[in-house]
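Here the structure is laid out as structure tokens; the discussion comes afterwards.
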Amino acid sequence: MDGLRTAFARAVRVKPIASGSAPSGLRRCLRTVDVVGFGLGATIGAGIFVAIGTGAKQAGPGVTLSFLLAALGCSFSGLCYAELSTLAPSAGSSYSFSYFAVGECTACVVGLVNIAGNVLAAAAVARGWEGYTRLFLLKLGVQPPEAAYYYRSESKLPLLLDRFEELFHPLARQQLKDPDIFPPKLHVLSLTSAGFEHCRSMPDLSATLRKPTSCWLWKHRVTRVLKDQGDKALVILTFLTSRLMFPHFADIPHVVSFTGSSDWMARHLQGFGDDELAPPWPCQKARSSGASGRAPFYYPDCWPQDVVVTLPATPPFDFATHWRPSEGRDLLAVFMGQRTSCTRVALLRLWNKTRHADVYVQESSPANFSYSAMLHRAKYCLVPEGHVPVTYRLLDVLSHGCVPVIISSSFHPPFHRLLRWGEETFPALFLHPSKLRKLRSMLLAEEPEVYRKQQESTFPLAILLHPVTNFFFEGILAEFALAKFRGERSRTQNCGARN
């Protein structure tokens, strides 16, 4: 008991202010200019330039007032420190203040936090200025040494495999355990168009993959990088028609896009390769490489090594706030959308005036329910193809906890190497457009336990496919590694668009 009392007394004992000016035995080496420079360097570092852009996005025209209010708050904080300095004129900042006012134990913790904060602040500022310096040299046409900005870091792949194990294909899990599967160096570019600006995601991609990234559009820029990096270049094409939009970039070795081979469903899903499956609506028989919706879109199977990702809405729904469990869903199926394709025309013709109250298929949501509210009411949400098979509705319905029913004959799923699309408990169903009349009977035939597992899996699948998560970019890197590991390359024979 006496020992505890002694320890407690030492932990809470304070230092008299009068003794604060006594010599400490340490030689003073930092002058006023040094201390002020150190403080400014840790405060006005690489982050302040990013903070201005973030603040302008949130505050809009009032960003100036926002910074003035922040400056006012900082001034009050500085005045508090000035008052404390006059009351306790001793070096040591918050460490000394804590020692004088609270006790020795608290002062020790505060001192350690100060040391850690200064170390981390200096490291973050140094890392930020390194990136600015590299980009400045590249603008001047000076290529920095490779070792200066190419480096590998610990990947989140083990966490990726553990968290999404129930979604991944067993073969992919086995192959990703190979320690040499990932390339040591990778250069990422992004080709964007108006309306599909994903350059804003490039810093996230760079921070996650720890690889250099660029956001270039011009042909000579891409050609130069491909010449320097070869098969270590990964190009992000944010166009709905992907490589078909860039015929002069046909030799790009690896591409991340929204669109993949239109033959995937016929090769991997039972019943989708039957040529006798005729569409139940008058439509052009010829397949088109244009995103018009008047004829079935066809994307040739020329680039099997590409990585297909999900098309997000702008802005996308936040799965953390919009996802709901299976309880309270009183509708069997829901679709609200325009007649932008032959598949949607057939869907609306067959199910718009249905006598079944548990199926809601309209061009708009009811007056007393929003789009999100209708997705929360449905067990299954219909995802028919539009101008092209890829659609942002897939990520929308997953983010709301609704099991998607993909209605298409040429849909290519995202992350097809990683995920076990088409299996019974996977959170997605596929329906050929020719079988639209059997939609309700197919959904009613689903076992309740199977639906429960599918619905629960919509949440992790939404996390993995959402472009704002680090897991999304880790998935891109894993897909890229699997494609190289399996030796997938561009095809040059029998690769034209089918008529």
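A few notes on this one:
- Residue check for Val405: among the hydrophobic types (A, V, I, L, M, F, W, C), in contact (Cβ under 8 Å) with a residue 40 or more places away in the chain, closer than 16 Å to Phe272 by Cβ and out of contact with any helix residue (DSSP H, G or I) (no Cβ under 6 Å at 6 or more places or on another chain): yes
- Taken over segment 320-366, the criterion of being of a type in the set (A, V, I, L, M, F, W, C), open to solvent by less than 40 Å² (accessible area, probe 1.4 Å) and part of a loop (DSSP other than H, G, I, E, B) is satisfied by no residue.
- Residue count, segment 367-394 (criterion: in a strand (DSSP E or B) and farther than 21 Å from Glu423 by Cβ): 2
- Residue within segment 410-420 that is open to solvent by 20 Å² or more (accessible area, probe 1.4 Å), touching a His at 6+ places or on another chain (Cβ under 6 Å) and not in a helix (DSSP H, G or I) present: yes
- Members of segment 375-392 found to be at pLDDT below 90 and open to solvent by less than 30 Å² (accessible area, probe 1.4 Å), listed by number: Glu385, Gly386, Val388, Pro389, Val390, Thr391
- Contact annotation: residue pairs with Cβ atoms under 9 Å, 6 or more positions apart or on different chains, pairing a residue in segment 371-389 that is closer than 9 Å to His400 by Cβ with a partner that is crowded, with 21+ Cβ neighbours inside 10 Å and of a type in the set (Asp, Glu), are Ser372/Asp396; Leu375/Asp396; Cys381/Asp396.
- Residue match in segment 137-159 (condition: modelled with pLDDT of 80 or more and out of contact with any strand residue (DSSP E or B) (no Cβ under 8 Å at 6 or more places or on another chain)): no
- Within the set Ser96, Ser66, the sole residue that is in contact (Cβ under 8 Å) with a residue 24 or more places away in the chain and of a type in the set (S, T, N, Q) turns out to be Ser96.
- Count of residues meeting criterion [of a type outside the set (A, V, I, L, M) and open to solvent by less than 20 Å² (accessible area, probe 1.4 Å)] in segment 302-319: 5
- Phe239 vs. criteria of a type outside the set (Val, Ile, Thr), under 24 Å from the mean Cα position of the chain (by Cα) and modelled with pLDDT of 75 or more: no
- Among the residues of segment 296-342, those identified as in contact with a strand residue (DSSP E or B) (Cβ under 8 Å, 6 or more places away or on another chain) and more than 14 Å from Ser261 (Cα to Cα) are Ser326, Arg329, Leu331, Leu332, Ala333, Val334, Phe335, Met336, Gly337, Ser341.
- Hits in segment 395-409 (condition: in a loop (DSSP other than H, G, I, E, B) and at pLDDT 90 or above): His400, Gly401, Cys402
- Arg489 meets all of the listed conditions (1) assigned to a loop (DSSP other than H, G, I, E, B); (2) open to solvent by less than 20 Å² (accessible area, probe 1.4 Å) but one, namely (2).
Residue by residue, here is whether (1) surrounded by 20 or more Cβ atoms within 10 Å (Cβ to Cβ); (2) modelled with pLDDT under 90; (3) out of contact with any Phe, Trp or Tyr (no Cβ under 7 Å at 6 or more places or on another chain) holds:
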site	(1), (2), (3)
Pro433	yes, yes, yes
Leu444	no, no, yes
Pro460	no, no, no
His466	yes, yes, no
Thr469	no, yes, yes
Ile476	yes, yes, yes
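- Qualifying residue in segment 363-374 (condition: closer than 29 Å to Ser262 by Cα and modelled with pLDDT of 90 or more): no
The values are calculated or read from the model by the stated rules, or taken from the named source; none is laboratory data. The shown structure was predicted, so the numbers you read here are calculated from the model rather than taken from an experiment. All Cβ positions, glycine included, derive from the backbone under ideal geometry; neighbour counts span all protein chains shown. Quick note on the areas: whole protein, heavy atoms, side chains included, nothing else; ligands and nucleic acids left out. Shrake-Rupley method; radii C 1.70, N 1.55, O 1.52, S 1.80 Å.
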